[in-house]
Amino acid sequence: MNLNALTIHQAQDLLRRGEISSLQLTEAVLAQIESLDESIHAFVTVTAAEARAQAQAADARLAQDGVAAPPLLGIPAAIKDVVSTKGVRTTCSSRMLEDYVPPYDATVMEKLNAQGIVLVGKTNMDEFAMGSSTEHSAFFTTRNPWDRERVPGGSSGGSAAAVAADQAIFALGSDTGGSIRQPAALCGVVGMKPTYGRVSRYGLVAFASSLDQIGPFTKDVTDCAIVLEAICGHDPRDATSAPNPVPNWPEALKQDVRGLRLGVPREYFGAGIDPEVEQAVRTAIDQLAGLGVAVEDVSLPHTDHALATYYIIAPAEASANLARYDGIRYGYAAQDAETMWDAYSRTRGQGFGSEVKRRILVGTHALSSGYYDAYYLKAQKVRTLIAADFQEAFERVDAIVCPTSATVAFKIGERIDDPISMYLSDLYTLPGNVAGLPGVSQPCGLVQGLPVGLQFIGKPYDESTLLRLAYAYEQVSGKSYKPALSQGAPH
Amino acid sequence: MRRYNQFEATKGKRAVKDSDHTTTITRADVQHVANLARLALSAEEEERFQHQLSAVFEHFQKLSDLDTEQIPPTAQVIPLTNVMRPDAVEPSLPEQDVLANAPDREGDQFRVRAILEF
């Protein structure tokens, strides 16, 4: 087995027993990036030299700590380019931040660095995390490792592709409307959006502050629990960070699922779903029922209104958050302006790409005088109804099960000119963000050779139940999903 | 009866009248909003965004099916309010680190264009 194909828990075991070194593991990951990324384009920045130095430091620490070493010590990771990394360029895949080097680390990076991870690079994304395909990156489109004519999903497409193609042992992404779970589904890896507030947003470049959460991309559910435990926890630097204690998830996931009640929302199996995707998801649900999980129908009646609600709230928050890009303190600055107002307007006109401009315009219009009540306030009220739908369902069931995405990975270019059809890519994930709930996606089959995502959505702060269900399904299905990684022609 | 008590229950000051607005976005609307957002757009962009925004706001009409008169708005989903921290002085980032990304600077300051004209 190639070392770069290892999971965290496999690598951890070999590292602690001294059978491999972090440097060997890191070299294997860097070699995979070197040979494949020309055709996959998962990375915006590869930090090979820094990675080797971190690996050597990890090896020294491993020799000292042995079995007491932190779980992620010496593990090579890829980080979405929206998470601030001190001294390492953080672009958000935008011209606006093309040369921006953060002077500080995000809290998640402080946590991962304290454990001694090896940062191999920063991954491509839709610009400022706005999109569902990475086609909105200002630099290039990431290719799906399963079929390079198809998108990897988005916005964290680079992180999903990197993990699927064994170009990292794990990765971090961010999820505002499905940006971890949807690309995880389309690339056949495990991806989790924790409960809003679980992971500090300090140092995460803000898109929509009431929806954004950082979370892991991993090769299996055990790894998901390991990374989740590493990044969660209260942070005084994020006022929305939850004070709740962090459970021992790697232990919790092994708990039996017999007797758990699982709800199948009928609205998530309606028009628009690919029948073969539905079949794969229903087969997975049957397998869980076979383990003694009680399955029942539930209704989330406002599902149909979630898309409009999300696409008012997220752009409204984005239009305020992105007001900071003024070309003065950092970032792109237009050189051809005379006055101050002109400088702002040209800097932003030249620095932002189409999708970002579109959302700034949508958000500004929805918040503007005369429209605020009809759009923004209305959406906030419907948000209450959407959250209440889940709350009612959770009186009867412990978790909800549904597809992550209605389709498998779509072709590059297929949805790029039609914002609404692109927005529909996140139909099954964005209600979870609107309600602040945790969700996990894992592969549950192949349709036309492309992975299908199974999603569990849970009660606030109940990631434990989601991980138990995901782990139980992973064990009973007994399958692992790996793309055929021939090098292919570079794109 | 549904319960909303765990949500932030600030009532909106103004009542929503769904029939009061139309969704057609004009070129002038795009220009107005672009100006509010300090976003320079080309003529081609104005035209494209006019069409796309019309379609997007048309979709938003869907929300007017719902009677939300009695529903409180939710601004954020977590039940935390008034999060305080001790008013203690802590070290800030070094000045030179903060200035390192500045597009234009003079000494230890960000350089900007004239804000007031006399």
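Shape of region A:1-71 from its Cα gyration tensor (a ≥ b ≥ c, root eigenvalues): rounded if a/c is under 1.5, otherwise prolate when a/b > b/c, or oblate?
Because a/c hits 1.5 or more and a/b exceeds b/c, region A:1-71 counts as prolate.
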- Message: So if I place +1 on the C-beta of Lys and Arg and -1 on the C-beta of Asp and Glu, and nothing else carries charge, what would the dipole magnitude of the protein assembly as shown be about its Cα centre? I want it in debye, nearest 20.
- Response: 700 debye
- Query: Using r as the Cβ-Cβ distance of residue A:336 and residue A:113, and R0 as 35 Å, what FRET efficiency do you calculate, to the nearest 0.05?
  - Reply: 0.30
- Task: Could you state the orientation-averaged shadow area of the convex hull built on the Cα atoms of chain A, in nm² to one decimal?
- Result: 21.8 nm²
- Message: Can you compute the FRET efficiency between residue A:251 and residue B:81 using 1/(1 + (r/R0)^6), with r the Cβ-Cβ distance and R0 = 35 Å? Round to the nearest 0.05.
- Response: 0.60
- Calculate the tail of P(r) for region A:3-258: the fraction of all Cα-Cα distances greater than 28 Å, expressed in %. 25 percent
- Query: For region A:402-445, what is the convex hull (Cα atoms) projected area averaged across all directions, in square nanometres?
  - Reply: 3.7 nm²
- Item | Residues of region A:436-455 with amide N under 14 Å of the 7 Å Cα→Cβ point at residue A:244 | A:436-440
- Task: Determine the shielding of peptide A:356-363 by partner chains: average, over its residues, the number of Cβ atoms on other chains within 10 angstrom of each Cβ.
- Result: 6
- For the pairs A:254/A:479; A:86/A:482; A:193/A:459, note any where the Cα-Cα span goes beyond 22 Å. A:86/A:482
- Query: Could you give the nm distance between label points at residue B:36 and residue A:60, where each point is 7 Å from its Cα heading toward the beta carbon?
  - Reply: 5.6 nm
- Message: Given the DSSP H assignment, sum -39500 (n - 2.57) over each helix run of at least 4 residues in chain A and divide by its residue total; what's the result at 222 nm in deg cm²/dmol, nearest 500?
- Response: -11500 deg cm²/dmol
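Could you compute the net charge surrounding residue A:262? Neighbours are other residues with a C-beta less than 10 Å from the C-beta of residue A:262; K and R count +1, D and E count -1. Before the final figure, lay out each step's value.
Values: positive: A:261; negative: A:296, A:398.
Residues close to residue A:262 contribute a combined charge of -1.
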- Task: May I ask you to work out the translational diffusion coefficient for region A:418-472 at 4 °C, viscosity 1.567 mPa s, via Stokes-Einstein with Rh from the Kirkwood sum over Cα pairs, reported in whole µm²/s?
- Result: 103 µm²/s
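Evaluate E = 1/(1 + (r/R0)^6) for residue A:289 and residue B:98, where r is the Cβ-Cβ distance and R0 equals 56 Å; express this FRET efficiency to the nearest 0.05.
0.50
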- Message: Once each part is reduced to its C-alpha centroid, what is the distance from region A:303-381 to region A:436-456 in angstrom?
- Response: 32 Å
- Taking the radius of gyration and the Kirkwood hydrodynamic radius from Cα positions alone, what is the Rg/Rh ratio for region B:48-118, to two decimal places? 1.22
- Label model pair residue A:276, residue B:55: point-to-point distance (7 angstrom along the Cα→beta-carbon line) in nm is 2.7 nm
- Which whole-number percent is the relative contact order of chain A (Cα, under 8 Å, 6+ apart)? 18 percent
- What is the P(r) of region A:229-314, as percent of Cα-Cα pairs per 10 Å bin from 0? 13, 25, 30, 29, 3
- Query: Among the aspartates and glutamates, which have Cα under 17 Å from the Cα of residue B:62 when same-chain residues fewer than 8 positions away are ignored?
  - Reply: A:267, A:304, A:373, B:18, B:20
- Message: Checking a compactness column here: for region A:165-286, what do you get for Rg(Cα) / (2.2 N^0.38 Å), N being the number of residues?
- Response: 1.18
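Read-outs: derived from the displayed coordinates by stated rules, not from any lab. Predicted model, so just to flag it, every value in this text is computed and none were measured. Cβ coordinates were reconstructed from backbone atoms using ideal geometry, including for glycine residues, and neighbour counts include every protein chain displayed.
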